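A.B. asks: One structure follows; several queries about it will come next.
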Ligand SMILES: [Zn+2]
């Protein structure tokens, strides 16, 4: 309520020299601005406003931790982390693997920062330069029918049965394609046990819309298989598995586009999009996961954390993650106050594991044999009939080892190689 409703932000000067009130909504536009002054002032204004409320945020953050730690203790767990992971039988090493493997590979993110600095031709790179696109967006125009066609080509490695389900889904009316009066924004996959697995899109012929179709159909075909093969009670899948099928499709789709795009600028743009999704999902969310692990552990030991402590921990993490080239502006120290997910303890690491599992499946699907595809389809058919780690393991991806995450970081480096070669 504090950040969503009560807080307001001062006015800043936009690209046209006009005064506009900064909001959380338009911040995401301003931070991508090609005009460096605009993104710098959006950045400083946003976080200075958070800083004005820093003690309130620190006390809500630590109070939420205390509550969570108290509940884990009275239920006789050894730690807050264990109380969060054990109900789904996720071994604690899965969480530690995420943090450790990313820490061992931070040089890849440092390399990214260095390449970004060169691409943007900056003498020094600041935190507010992070979101401006490396490559200017070229015009894509992909009508919906062509997007369906592209998906069918990109998902071909999944075999005929999968493609047939995709095709009949599209023909039978799973998908509500275009914007309409009274229709909600965004894109979703939903439905019930006995209905079609509907897809809601707001399709506007952009390349993102086409990859969103691949993503949402990934969810819907996962639901279709699970509902068809499981009794009602096991037909849903838990969060740990929920984004795997959709991101696998997205990886296959982007890979197909990158391989087949002949326009150099468009190809660079697509490579950059993939890099950004790994950076913001794998590296950024792991930094969040490390932050909340550190603060829980300190408080479990009885330490009390002040505003300065929280800002200090966050500052040092940014320094470690972004490396030597990046100037860690002091405003970023307040960013932890802006992340609502921290109020769902140990939640964000699942974005990383979901992405990593999808990336491993993408490798397996592209280079694997028919039996590997069958195993993948068995994963799609499993719903929540077993614990998530077991379901993924049976399909060929072992989340208790660093391999899936290592594969993802290798892909990140491979994409950086492509980008570096072409500039
Ligand atoms: Zn999704």
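None of the figures in this text is laboratory data; all of them are computed from the coordinates on show. None of these values were measured; they are calculated from a predicted model. Positions of Cβ are generated from backbone atoms using ideal geometry, with glycine treated the same way; all protein chains shown enter the neighbour counts.
A.B. asks: Give the peptides 173-179, 98-104 in descending order of average Cβ contacts within 10 Å, highest first.
C.D. replies: Highest to lowest by the protection proxy: 98-104, 173-179.
A.B. asks: If contacts are Cα pairs under 8 angstrom and at least 6 residues apart, what is the relative contact order of the range 345-423 in percent?
C.D. replies: 34
A.B. asks: Within the range 92-124, which residues have the backbone N less than 11 Å from the label spot 7 Å out from residue 400 along Cα→beta-carbon, could you tell me?
C.D. replies: Residues 92-94 qualify, since their backbone N sits under 11 Å from the label point.
A.B. asks: Pull up the DSSP beta bridges for the chain and report the antiparallel fraction as a percent, rounded to 5.
C.D. replies: Counting only bridges with both partners in the chain, antiparallel ones make up about 55 percent.
A.B. asks: Roughly how many nanometres apart are two label points built 7 Å out from the Cα toward the Cβ at residue 338 and residue 413?
C.D. replies: If labels sit at residue 338 and residue 413, their model points lie 3.1 nm apart.
A.B. asks: How much length would be gained if the chain were fully extended between residue 71 and residue 229, taking 0.36 nm per residue of separation minus their Cα-Cα distance, in nm to one decimal?
C.D. replies: Here the answer is 53.2 nm.
A.B. asks: In whole percent, what relative contact order does the chain give with Cα contacts below 8 Å and a gap of six or more residues?
C.D. replies: 23
A.B. asks: Ok, one more. Any chance you could check the Cα centroid distance between the range 57-74 and the range 113-166 for me, in angstrom?
C.D. replies: The range 57-74 and the range 113-166 have Cα centres spaced 40 Å from each other.
A.B. asks: For the range 367-396 and the range 340-361, what is the separation of their C-alpha centers, rounded to whole Å?
C.D. replies: One Cα centre to the other: 19 Å.
A.B. asks: Separate question: State the volume of the convex hull built on the alpha-carbon positions of the range 199-319, expressed per residue in Å³ and rounded to an integer.
C.D. replies: Per residue, the Cα convex hull of the range 199-319 comes to 173 Å³.
A.B. asks: Go from 0 up to the bin containing the longest alpha carbon distance in the range 45-160, width 10 Å each, and give me the % of pairs per bin.
C.D. replies: Final binned percentages: 10, 16, 20, 30, 20, 4.
A.B. asks: To the nearest 500 deg cm²/dmol, what mean residue ellipticity at 222 nm is calculated for the chain from DSSP H runs of n ≥ 4 alone, each contributing -39,500 (n - 2.57), summed and divided by the residues?
C.D. replies: -19000 deg cm²/dmol
A.B. asks: Shifting gears a bit: Starting from the Cα gyration tensor of the range 252-390, take the square roots of the eigenvalues, sort them a ≥ b ≥ c, and report rounded, prolate or oblate (rounded when a/c is under 1.5, otherwise prolate if a/b is larger than b/c, else oblate).
C.D. replies: Cα axes put the range 252-390 in the oblate bin.
A.B. asks: While we're here: Starting from the coordinates of the alpha-carbon atoms of the range 231-291, obtain the Kirkwood hydrodynamic radius over all distinct pairs and give the value in Å to one decimal.
C.D. replies: Hydrodynamic radius (Kirkwood, Cα only) of the range 231-291 equals 13.9 Å.
A.B. asks: Hey, another quick one. Assuming R0 = 51 Å, can you tell me the calculated FRET efficiency for the pair residue 149 and residue 304, based on Cβ-Cβ distance, to the nearest 0.05?
C.D. replies: 0.30
A.B. asks: Quick one: length gained pulling residue 24 to residue 327 fully straight, 0.36 nm per residue minus the C-alpha distance? Don't skip to the end; give the middle numbers.
C.D. replies: Details: separation 303, 0.36 × 303 = 109.08 nm, distance 2.34 nm.
Answer, rounded to one decimal: 106.7 nm.
A.B. asks: Can you put 341, 215, 65, 315 in order, fewest other beta carbons within 10 Å first?
C.D. replies: Neighbour counts put them in this order, fewest first: 341, 315, 65, 215.
A.B. asks: Rounded, prolate or oblate: which fits the range 86-218 when a ≥ b ≥ c are the square roots of the eigenvalues of the alpha-carbon gyration tensor, with rounded for a/c under 1.5 and prolate only if a/b beats b/c?
C.D. replies: Taking the square roots of the gyration eigenvalues as a ≥ b ≥ c, the range 86-218 is oblate.
A.B. asks: What do you get when you divide the Cα radius of gyration of the range 339-423 by 2.2 N^0.38 Å, with N the number of residues?
C.D. replies: Expressed relative to 2.2 N^0.38 Å, the Cα Rg reads 1.28.
A.B. asks: Treat the range 9-101 as a sphere of radius equal to its Kirkwood radius over Cα pairs and apply Stokes-Einstein at 20 °C in a medium of 1.002 mPa s; give the translational diffusion coefficient in µm²/s, rounded to a whole number.
C.D. replies: In µm²/s, the coefficient rounds to 128.
A.B. asks: A further question on this structure: How much length is gained on full extension from residue 238 to residue 4, taking 0.36 nm per residue of separation minus their Cα-Cα distance?
C.D. replies: On the way: separation 234, 0.36 × 234 = 84.24 nm, distance 2.80 nm.
So the chain would gain 81.4 nm between residue 238 and residue 4.
A.B. asks: Where does each of 387, 343, 112, 162 land when they are ranked from fewest to most other beta-carbon atoms within 10 angstrom? All intermediate terms of the calculation are to be shown ahead of the outcome.
C.D. replies: Details: 387 16, 343 13, 112 25, 162 20.
Starting with the residue having the fewest Cβ neighbours, the order is 343, 387, 162, 112.
A.B. asks: Next up: Just to check, using Stokes-Einstein with a Kirkwood Rh over alpha carbon pairs, what's the diffusion coefficient of the chain at 10 °C and 1.306 mPa s in µm²/s?
C.D. replies: Rounded to a whole number, D works out at 69 µm²/s.
A.B. asks: Treat the count of other C-beta atoms within 10 Å as a stand-in for reagent exposure and order 203, 314 from fewest to most.
C.D. replies: 203, 314
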